[in-house]
Protein chains: 2
Amino acid sequence: APMGGNPYGTPAPPADPMWAGFSAVAGADQKIDAVELCKCLTQSGFTGSYKPFTQETCKIMIVLLDRNKTGKMDFPEYKELWVVLGKWKQTFESLDKDRSGSLDEQELKSAVASFGFTLSPTAIAAVMQRYNTNGKIYFDDFIALTTRIRSLSNYFMSRDTNRQGIATLGYDDFMSHAMSC
Amino acid sequence: APMGGNPYGTPAPPADPMWAGFSAVAGADQKIDAVELCKCLTQSGFTGSYKPFTQETCKIMIVLLDRNKTGKMDFPEYKELWVVLGKWKQTFESLDKDRSGSLDEQELKSAVASFGFTLSPTAIAAVMQRYNTNGKIYFDDFIALTTRIRSLSNYFMSRDTNRQGIATLGYDDFMSHAMSC
């Protein structure tokens, strides 16, 4: 073994209650792709009484935390996602007072604001138009749109070096990011 | 009737072979939403042996041509979409030489270039990662991604007043457009 390497192979997985579920799906490479992420989140019972996440939604979840652009998610990233999703689900449930499993435009606005994103009525209307089903936002779409708002905001902020809400972007850079989620 | 108005009510629909199919689905307001667009495109046989378009894809098709932001499409817009889709379908079929119903990364690159969009290998890889199923791009996803590339490119160009491939964008303007498709 090289100097400083671990002669005993891969270190033992952390003693974590989420590890068993993750590693069963992840297999040998200890990483999961979008299809496997859907499986993990469904088998863990995360979506509960809501419809399971679509593959679309799982794909953009992977992009959100995929810092090394492999299209796969490792265990620490999965745990990070779990925390973020938990917070979003809690907000969804607290706003969905009639337990219809959906939010209206006003509730969506409150949710987005509570996550710290400042979107104008025009932007909220655009999101609503894109993601509504008969005027309502269902859980899977809510998670998809929140994931995209976060990914796109993170990207924009990384280019808005003066923190003025204004960024100068190149076409290809813009397309690479906007098309990735 | 006001001066210059038409005292005989709505003008008769144009004698167009596509009108009957459109108007049957559109109903009284002579406009279609995403669900109705899916119906129109399926009933007209457009998708043929490919899987019918998902509602996701139909939603972003409406955004592409929805100049007045109503979330609905009128007959002239439907005809315009039909022409664009026809061109994209033809390109897809000509590249899908083995008739597998899917494209690989190289073929996707050729398709995007043939539509006049200049995307770097990085941008193409981002699109591929977002839209592939087991390394392939299927017809519905191809139309969805091409629609988004066109919408986002149109938006970017409208802000790139000097045609230098660089645009200065405000956060809310960026979000309103990136989240609408």
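A short reminder: the numbers here are calculations on the coordinates, not readings from a lab. These numbers come from a predicted model, not from an experiment. Virtual Cβ from ideal backbone geometry, glycine too; neighbours counted across all protein chains shown.
The shape of region A:138-181 comes out oblate: with a ≥ b ≥ c from the C-alpha gyration tensor, a/c is at least 1.5 while a/b does not beat b/c. Positive end of the dipole of the protein assembly as shown (Cβ unit charges, origin at the Cα centre): among B:G48, B:M73, A:I166, the Cα lying farthest that way belongs to A:I166.
Each principal axis of the Cα atoms in region B:50-140 has its own extent, and those three values, largest first, are 36, 27, 23 angstrom.
Counting Cβ atoms of other protein chains within 10 Å of each residue's Cβ and taking the mean over peptide B:52-58 gives 1. Spin-label pair A:N154-B:T54: with each label point 7 Å from Cα along the Cα-Cβ axis, the two points sit 2.1 nm from one another.
Sorted largest first, the principal axis extents computed over the alpha-carbon atoms of the protein assembly as shown equal 88, 52, 43 Å. Taking a temperature of 37 °C and a viscosity of 0.692 mPa s, what whole-number D in µm²/s does Stokes-Einstein yield for region B:29-97 with Rh from Kirkwood over alpha carbon pairs? The estimated diffusion coefficient comes to 263 µm²/s. By the combined test of axial Cα extent (at least 20 Å) and Kyte-Doolittle hydropathy (mean at least -0.5), the qualifying DSSP H helices of chain A come to A:75-95, A:139-159. Given springs between every Cα pair under 10 Å in a Gaussian network model of chain B, which of B:F22, B:F156, B:F142 has the largest fluctuation? Result for chain B, Cα springs under 10 Å: B:F156 fluctuates most.
What does the net charge come to around A:D33 if you take all other residues with beta carbon closer than 15 Å to its beta carbon, with K and R at +1 and D and E at -1?
Net local charge, A:D33 excluded: +1.
Once C-alpha pairs closer than 8 Å and six or more residues apart are averaged by separation and normalised to the residue number of chain A, the relative contact order reads 19 percent. Between region A:37-83 and region A:152-181, what is the separation of their alpha carbon centroids in Å? About 24 Å separates the Cα centre of region A:37-83 from the one of region A:152-181. Once Lys and Arg get +1 and Asp and Glu get -1 on their Cβ, which of B:I124, B:V63, B:Q90 lies farthest toward the positive end of the dipole of region B:1-148? Comparing the listed Cα positions along the dipole, B:I124 ranks first.
Using equal-weight Cα scatterers in the Debye expression, the normalised intensity of chain A in log10 at q = 0.11, 0.12, 0.14, 0.17 Å⁻¹ is -0.56, -0.66, -0.85, -1.15. Label zone of B:R163 (point 7 Å out along Cα→Cβ, amide N under 17 Å): in region B:92-124 this covers B:116-118.
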